[in-house]
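Working notes for the structure below.
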Amino acid sequence: MFRVLSSPLLLLALLALIFVLHVTAIYLNWYWDFDGVDNVYHFIGGAWVALLFFYIFFTRGELFPIRGNFLPALIFSIGFVLLISVGWEFFEFIFDQFFGGSGTVRQAQLGVADTMGDLFSDIVGGMTASLLFIFSSKK
C-alpha cells in the first residue's frame with residue numbers, strides 16, 4: 001500500500017478527479033444546491049495535499065529530517081495541508097472581490113462558517129491520508 005500512496009500516478013489521478021468534480025459541481029450548481037458537497041471535495045483535496053507532501057519530502061529524497069518519526073511527520077503534513085488550504089481560501093476571497101456576485105459568476109466564499117467547514121474538511125482529509133501513509137510506510 002505504501003507504493004500506491006507514494007505514487008505520482010495516484011497524485012495525478014486524484015488531481016484529475018478533483019478537477020472533474022469541481023467543474024461538474026460548478027456547471028450543475030451542486031455547490032449551491034446540495035449542502036456538504038463542498039466538504040467532500042475539500043476532504044479529497046486535503047488528502048491530495050497530504051499525499052503531495054509525503055511524495056515531495058519522503059519519497060523524492062531525504063529532504064526532511066522527520067522520516068520515521070510519527071508525530072513530527074503528522075504535524076508537518078497537517079501544517080502543509082493548512083498552508084495550502086488557507087491559500088485556497090484567500091484565492092476564493094480574492095476571486096469573489098473581482099468576479100463574485102456579478103450576475104454571471106456565483107460567489108465562492110459563502111461566509112465564515114463555510115470557510116471554517118472547508119478548513120476542517122481539509123484537515124480531516126489530510127489527517128486521514130497522513131495516517132494511512134505513515135502506517136503503511138512502517139510495514
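Since every read-out is calculated from the coordinates, none of them should be taken as a lab result. Source: prediction; values computed, not measured. Using ideal geometry, Cβ is built from the backbone for each residue, glycine included, and neighbour counts are taken over all protein chains shown.
When each of 130, 7, 137 is scored by the number of other beta-carbon atoms lying within 10 Å, the sequence from fewest to most is 7, 137, 130. All other residues with a Cβ under 13 Å from the Cβ of residue 44 taken together, and with Lys, Arg as +1 and Asp, Glu as -1, what is their net charge? It works out to a net charge of -3. Given R0 = 22 Å, the distance between the Cβ atoms of residue 26 and residue 136 translates into a calculated FRET efficiency of 0.05. Extension gain for residue 128-residue 75 works out to 17.8 nm (0.36 nm per residue, less the C-alpha to C-alpha distance).
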